[in-house]
Amino acid sequence: MRQTASIVCIGGANVDRKARLLTSFRLGTSHPVTTTQTAGGVARNIAENLGRLAQPVSLVSTVGDDRDGQWLIDVTSRYVNTSFIMRTPKANTGTYTAVLDERGEMVLALADMAIYDTVGEEWRKQQWTRLGPISAVVLDTNFPEDVIRAALAQCRQEDIPLCVVTVSVPKVKRLPSDLSGVTWFVTNEAEAKAFVGKDGHTGDIMKAILHAGAQNVVITRGANGVAYAAKQGETGTLAAPNVTVTDATGAGDAFAAGFLYGVLGGHTVEDACRFGMSSAALTLQTAETVHPALNEHLLQAAYARYFREGGTK
């Protein structure tokens, strides 16, 4: 029986802990908070979002040989093929601890990600041979530079559609300056500027990323919406839907998943950005990193609400 081609997400799988302030933030004192724990990690979050959107998806990541690692595998495997997650006794499962203000905006985030430095290129090679047919690869920037470069080269060599999703300003530096083989480069303004190495107008930043070899670039700009550009000349901006933010964590990953759902479903980059923003809008309105009721019907309904029925154009 022919195996279904899978979207392969390569990168981080963490435990996200969130402490939400009940009073205004002040340095040098303790604060009353409410705390929650959810599954996180950019590649993992994108994989779960895609799985909930009925896409066949596999996750290539690493967790510790500990309780957090087992919990992550258990919650992720409901939507994602987790058989390519390696467990290692060399480090704890990655954790990301965010302190959010009363509006749900991040005040401070602490990342314990030493586990990703244990990942070597040999391990990626071994996993690659086991993956089976691949429809597209999503690569975040959590793994070491050599692993990221090798995954990029492999996709280029095998002509596999590749979506690079940046994680943070420091980790964007792990990407090579040559982005040949990158089909979609999904990033935010700060990370895009860090990659290019200069400040400037969003249009100029996008041109520089296309010049580096990416075929398409999408820059998320929070409440200012999204800017996109393609080598073929398609370029534009879209305003963000007006929603009440409960918690901003995971919105960028939800955007990336919605965007991929769109482009892999045959939509234009512009329309895929609308799917991405619809997905992000849904996640912004929940306290979860991934919307707990996300499915294709909910996403299509959000798309219709925000972009078809007199909503944001």
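The values are calculated or read from the model by the stated rules, or taken from the named source; none is laboratory data. Bear in mind the structure is a predicted one, so any value in this text is a computation, not a measurement. Here the Cβ is made from the backbone with ideal geometry for all residues, glycine too, and neighbour counts use every protein chain on show. SASA here: full protein model, heavy atoms, side chains in, ligands and nucleic acids out. Shrake-Rupley method; radii C 1.70, N 1.55, O 1.52, S 1.80 Å.
Could you let me know the centre-to-centre spacing of segment 29-60 and segment 93-123, using Cα atoms, in angstrom?
Value for the Cα centre distance between the two parts: 12 Å.
When DSSP beta bridges are limited to those with both residues in the chain, what percentage is antiparallel, rounded to the nearest 5?
40 percent
Work out how much length VAL33 to ALA239 would gain on full extension: take 0.36 nm times their residue separation and subtract the Cα-Cα distance, in nm to one decimal. List each step's numbers first, then the result.
Numbers: separation 206, 0.36 × 206 = 74.16 nm, distance 3.29 nm.
Gain on stretching VAL33 to ALA239: 70.9 nm.
Roughly how many nanometres apart are two label points built 7 Å out from the Cα toward the Cβ at LEU22 and SER77?
3.7 nm
For the chain, which whole-number percentage of the solvent-accessible area (1.4 Å probe, protein heavy atoms only) is attributable to carbon and sulfur atoms?
C and S fraction of accessible area: 50 percent.
Could you check the spin-label model distance between LYS125 and ASP204? Points 7 Å from the Cα along Cα→Cβ, value in nm.
Label-label distance for LYS125 and ASP204, simple model: 4.3 nm.
Using a probe radius of 1.4 Å on heavy atoms only, what accessible surface per residue do you get for segment 42-103? Whole Å² is fine.
Counting only protein heavy atoms, the per-residue value for segment 42-103 is 39 Å².
Please give, to one decimal in nm, the separation of the simple spin-label points placed at ARG305 and SER177, each 7 Å out from Cα toward the Cβ.
Modelled inter-label distance: 4.6 nm.
Rounded to the nearest 0.05, what FRET efficiency is calculated for GLU102 and THR4 with R0 set to 45 Å and r the Cβ-Cβ distance?
So, using R0 = 45 Å, E works out to roughly 0.50.
Under a 1.4 angstrom probe, counting protein chains only, how are GLU288, GLU191 ranked by accessible area, largest first? Write out the running numbers ahead of the final one.
On the way: GLU288 75, GLU191 20 Å².
Highest to lowest solvent-accessible surface, that is GLU288, GLU191.
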